[in-house]
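Right, one structure below, let's go through it.
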Amino acid sequence: MTRTDRPVQSIATYPGRAFRVAQGANLGDGMGTMSELVPDDVYQLALDARRQRLSLETLGDGTFRIAADTETGQPGALVHLDCAISLMSPDGRIAEALILVEVDDLWLIAGIHVLPLAPLAASTGYALVGTDRPGARRKFAQVACVSFSRGTRITMATGAQVPIENIAVGDRILTRDDGAQAVRWVGHNTVRATGDFAPIVIAAGTLNNAGELTVSPDHRLFVYQRSDRIGAGQPELLVKARHLVNGDTVQVREGGFVEYFQILFDRHHIIYAEGIAAESMLVDPRTRPALPPELVERLGTLLPGHDRPDRHGLDVQKALLDRPDAIDLLRRASLS
């Protein structure tokens, strides 16, 4: 397959056949496209089902192509975001999931991939209570958006530490590479703190951060290694918060709701949150639908400087961080 410079993003999905109708009109069938779904059908997740990594390259028209390093699906095949679904558990809780459809060269369905946005229990009956095609792209974009939680202190151009909820369009924030930069847009949404929306909490001091830092799972932190202690081969690293979870100083906070805020500049920047470097929102074909329609209309094309997500450093893969002393190594590497 031809190699491109487009960023590759990975999501953890179940195969559609792992969800089968245990009661209802489509009895015995696996999860299908929106046109095939019947309200009130009760789905169950197979006992042996496991989530697999689906690596996606986002194309300019908002569709996706399966990347070469994927764990599931056919590399090179196109994938379309079909719809969002709402499932109700026996205790009345609502769980959402996204349905992605893989097609072959003849545009025939080659696979169904289910991305749950909240944990789903095996052998539990989930009634299909809603489908949504127009809102699916926005939900998928929100999963990929890098977000800070309410209360996160951001370093302004003056050096002042301002809670993110008090930052407004036009305010000037200190960036690592380009000095003071004006904010173009501030996003805000409140979501259930479950699944891919559950925030990652980094305790004060873990990565030399002054205070506790709470961010979305795929938010990347910037680490400058004065010495290469993890074998990345480069001094400037971008590390996803979810890859640092150790159950102690870095934890997933499940339950309730979380308020997320996004900061957008004309370029993708590294800013300072609770005293450590972290990325601002990156606009690409996947995250673009998270922006309000009126802003998208004004943008016309992608914002300048948002087409090089790697310009701030190496995007570190989880394999390099899959060791008990990874956080300690990163902290010490940034100091000496």
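Just so it is clear, none of the values below were taken in a lab; they were calculated from the coordinates. Here the structure is a predicted model, which means the values were calculated and not measured. Don't worry about glycine lacking a Cβ; one is built from the backbone with ideal geometry, like all the others, and counts go over all protein chains shown.
Quick notes on this structure:
- Taken about its Cα centre, segment 191-336 carries a charge dipole of about 220 debye when Lys and Arg each add +1 at the Cβ and Asp and Glu each add -1 at the Cβ.
- Burial ranking of peptide ranges 91-103, 208-220 (average Cβ count within 10 Å, highest at the top): 208-220, 91-103
- Considering all different alpha carbon pairs of segment 1-134, the Kirkwood hydrodynamic radius works out to 15.2 Å.
- Environment charge of Ile271, counting only residues whose C-beta is closer than 10 Å and scoring Lys/Arg +1, Asp/Glu -1: 0
- For segment 208-248 versus segment 72-92, the gap between their alpha-carbon centres in whole angstrom: 30 Å
- The packing ranking of peptides 12-18, 154-160, highest mean first, is 12-18, 154-160, where packing means the average number of other beta carbon atoms within 10 angstrom of each residue.
- Inter-label distance, Thr33 to Glu254: 3.4 nm, where each label sits 7 Å from its Cα along the C-beta direction.
- Across the chain, the relative contact order, built from alpha-carbon pairs under 8 Å that are at least six residues apart, equals 15 percent.
- Net charge contributed by nearby residues that have their C-beta within less than 12 Å of Gly30 (K/R +1, D/E -1): -1
- Placing +1 on the Cβ of every Lys and Arg and -1 on the Cβ of every Asp and Glu, with nothing else charged, gives the chain a dipole about its Cα centre of roughly 620 debye.
- The Rg/Rh ratio for segment 135-244 is 0.98, where Rg is the radius of gyration of the alpha carbons and Rh is the Kirkwood radius.
- Of the peptides 65-76, 170-181, the ranking by mean beta-carbon count within 10 Å, highest at the top, reads 65-76, 170-181.
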